[in-house]
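Asker: I'd like to ask some things about the structure below.
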Amino acid sequence: MTNKLQNDLLIRAAFSQQTERPPVWMMRQAGRFMKEYWEIKNKYSFLEMCKTPEIAADVTMLPVDLLGVDAAILFSDILVTPEAMGGILSFEDGVGPRFANPVRDRAGAEALQTDVLPKLQYVADAIKVIQQRLQGRIPLIGFAGAPFTVLSYLVEGGSSKDFKRTKLLLNNEPELAHLLLQKITDVTIAYLNMQIAAGVNAVQLFDSWAMALSWDDYQHFAHQYNTEIIAKIDRKDIPVISFCKGSSVFAPLMAEANPDVVSVDWNADLRQLKDRLPQGVAVQGNLDPFVLYADKRVIKTKITELFERMRGQPGFIFNLGHGIMPDIPFDHVKYAVEVVREFRY
Ligand code: CP3
């Protein structure tokens, strides 16, 4: 697949090969900041969109066609795996994700299923439709949630500000936490390998809420499982990107898990961080997404400053430190992509 790509900037940068400019894509590039997204969203629920391959493909293609990014990312969600395991999931406007049956005890943990690939077949089907539409123009990124982040949604029953119940579980009942994390890990390995078999060109592991953890807890409850997942992915020529909020602190551990790319939040000086990582580990990031609210001249200046800092460094993918917010003006996002595309090393 990869060697047939017309634009393989992302793959080359991920493998720390020289590129003429940094590749650009943005987390949450297929979302509510686009009126074309709302035209679809007004007709279907979010989960219907994820589960209908033609619709998931339509949404995946929006930023490809409207923004000119260097990679597509599968339109789906990190919570489709815990849903397949038995979580009763809904997404309500203004509320975000909810599990009606949060997992808080051993019976709940044991009830979770792990033989769930048949239930996720719609994701493999979506990947095939997307690849037919892309025709090898740019790579398609598949993804999954990392076990700790997925666990937090299952335990809290939704989004959380302080992860109080999750941390209570880790502290009071570490064995139960490990049972849950191992089940999620097993599903995640099978799920990412299913995506690779279906044709994705790269995969990203999202550990969005790792920044809630102490150094020791990150090692025990996140790093260990992320390492197992990365070791057991059928990588071939597929780069693996590891993302977490908290990477400014955890990047050295993230690199130990052996991904090709560490995706970095906006707190870090990207150059200094990269210099501390082993040779051959690429970085992705790390513009503060709030910059995209600002005037275009500010957007250009901030991107240029980041590029000057990274000049001469093979192994750099431009992205945001976290996802695009829904109320960022579309033309600012488009402008940021143009600024990257015009840059030359
Ligand atoms: O990046 C992309 O454009 C691809 C699609 C994608 C979505 N979710 C679509 C989505 C990806 C890669 C995700 C991953 C995801 N989902 C993460 C990790 C990335 C991150 O942001 O840290 C997390 C934590 C989730 C869980 C999730 N899904 C939350 C917390 C929410 C609600 C918050 C919000 O932004 O509304 C979602 C819903 C969701 N996932 C939407 C989209 C486009 C919004 C659905 C809608 O239209 O209402």
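Asker: Keeping to segment 280-335, report how many residues are modelled with pLDDT of 95 or more and assigned to a loop (DSSP other than H, G, I, E, B).
Answerer: 15
Asker: Related question: Hey, any hits in segment 133-146 for a residue that's assigned to a helix (DSSP H, G or I), under 26 Å from Leu9 (Cα atoms), out of contact with any Pro (no Cβ under 9 Å at 6 or more places or on another chain) and at pLDDT 95 or above?
Answerer: Checked against the condition, which is being assigned to a helix (DSSP H, G or I), under 26 Å from Leu9 (Cα atoms), out of contact with any Pro (no Cβ under 9 Å at 6 or more places or on another chain) and at pLDDT 95 or above, segment 133-146 yields at least one hit.
Asker: For Phe91, which of the numbered conditions (1) within 30 Å of Ala336 (Cα to Cα); (2) not in a strand (DSSP E or B) fails to hold?
Answerer: (2)
Asker: Let me ask you something else. Please go through segment 91-119 and pick out each residue that is closer than 26 Å to Asn193 by Cα and either within 15 Å of the ligand (Cβ to nearest atom) or among the small types (Gly, Ala, Ser) (or both).
Answerer: Once the filter is applied, which keeps residues that are closer than 26 Å to Asn193 by Cα and either within 15 Å of the ligand (Cβ to nearest atom) or among the small types (Gly, Ala, Ser) (or both), segment 91-119 yields Pro97, Phe99, Ala109, Ala111.
Asker: Hey, could you check segment 60-90 for residues that are near the ligand (Cβ under 8 Å from one of its atoms) and aliphatic (A, V, I, L, M) and say which is surrounded by the fewest Cβ atoms within 10 Å (Cβ to Cβ)?
Answerer: In the first step, residues of segment 60-90 are kept if they are near the ligand (Cβ under 8 Å from one of its atoms); the result is 60, 63, 73-79.
Next, from what is left, pick out any that are aliphatic (A, V, I, L, M): 73-74, 78-79.
Working: Ile73: 24, Leu74: 24, Ile78: 19, Leu79: 22.
The qualifying residue surrounded by the fewest Cβ atoms within 10 Å (Cβ to Cβ) is Ile78.
Asker: Can you tell me how many residues within segment 13-38 are under 26 Å from Glu83 (Cα atoms) and either of a type in the set (A, V, I, L, M) or surrounded by fewer than 16 Cβ atoms within 10 Å (Cβ to Cβ) (or both)?
Answerer: Result for segment 13-38: 5.
Asker: Where residues in segment 203-222 are assigned to a helix (DSSP H, G or I) and away from the ligand (no atom under 15 Å from the Cβ), which of them is surrounded by the fewest Cβ atoms within 10 Å (Cβ to Cβ)?
Answerer: Step one: list which residues in segment 203-222 are assigned to a helix (DSSP H, G or I), which gives 210-212, 215-222.
From what's left, away from the ligand (no atom under 15 Å from the Cβ): 215-221.
On the way: Trp215: 10, Asp216: 8, Asp217: 18, Tyr218: 23, Gln219: 15, His220: 17, Phe221: 24.
Filtering first and then ranking leaves Asp216.
Asker: Name the single residue that is nearest to Val200 (Cα to Cα) among those in segment 223-257 being assigned to a helix (DSSP H, G or I) and among the hydroxyl-bearing types (Ser, Thr, Tyr).
Answerer: Per the stated criteria, the residue is Thr227.
Asker: Give all pairs with beta carbons closer than 8 Å in which a residue from segment 113-126 that is closer than 8 Å to Ala84 by Cβ meets a residue that is of a type in the set (S, T, N, Q) and in a helix (DSSP H, G or I); count only pairs at least 6 apart in sequence or on separate chains.
Answerer: Val116/Thr81; Leu120/Thr81
Asker: Hey, among Leu10, Leu47, which residue is surrounded by fewer than 19 Cβ atoms within 10 Å (Cβ to Cβ), more than 9 Å from the ligand (Cβ to nearest atom), of a type in the set (A, V, I, L, M, F, W, C) and assigned to a helix (DSSP H, G or I)?
Answerer: Leu47
Asker: For segment 3-35, how many residues meet the condition of being out of contact with any Ser or Thr (no Cβ under 9 Å at 6 or more places or on another chain) and closer than 17 Å to Ser76 by Cα?
Answerer: Adding up the residues that qualify gives 8.
Asker: Might you let me know whether segment 334-342 holds any residue that is away from the ligand (no atom under 16 Å from the Cβ), surrounded by fewer than 15 Cβ atoms within 10 Å (Cβ to Cβ), at negative phi and aromatic (Phe, Trp, Tyr)?
Answerer: Scanning segment 334-342 turns up no residue that is away from the ligand (no atom under 16 Å from the Cβ), surrounded by fewer than 15 Cβ atoms within 10 Å (Cβ to Cβ), at negative phi and aromatic (Phe, Trp, Tyr).
Asker: With the structure loaded, tell me whether Val339 is modelled with pLDDT of 95 or more and under 16 Å from Leu67 (Cα atoms) or whether it fails that test.
Answerer: yes
Asker: Scan (1) assigned to a helix (DSSP H, G or I); (2) farther than 18 Å from Pro252 by Cβ for the single condition Val200 breaks and write down its number.
Answerer: Val200 satisfies every listed condition except (1).
Asker: Looking at Thr19, Thr52, which is the one that is over 19 Å from the mean Cα position of the chain (by Cα), more than 13 Å from the ligand (Cβ to nearest atom) and closer than 22 Å to Ala126 by Cβ?
Answerer: Values: Thr19 fails: closer than 22 Å to Ala126 by Cβ.
After applying the criteria, what remains is Thr52.
Asker: Test Glu39 against the stated conditions and say whether it is acidic (Asp, Glu), closer than 23 Å to Ala124 by Cβ and not in a loop (DSSP other than H, G, I, E, B).
Answerer: no
The values are calculated or read from the model by the stated rules, or taken from the named source; none is laboratory data. Since we're looking at a predicted model, the values are computed, not measured. FYI the Cβ positions are ideal-geometry reconstructions off the backbone, even for glycines, and counts take in every protein chain you see.
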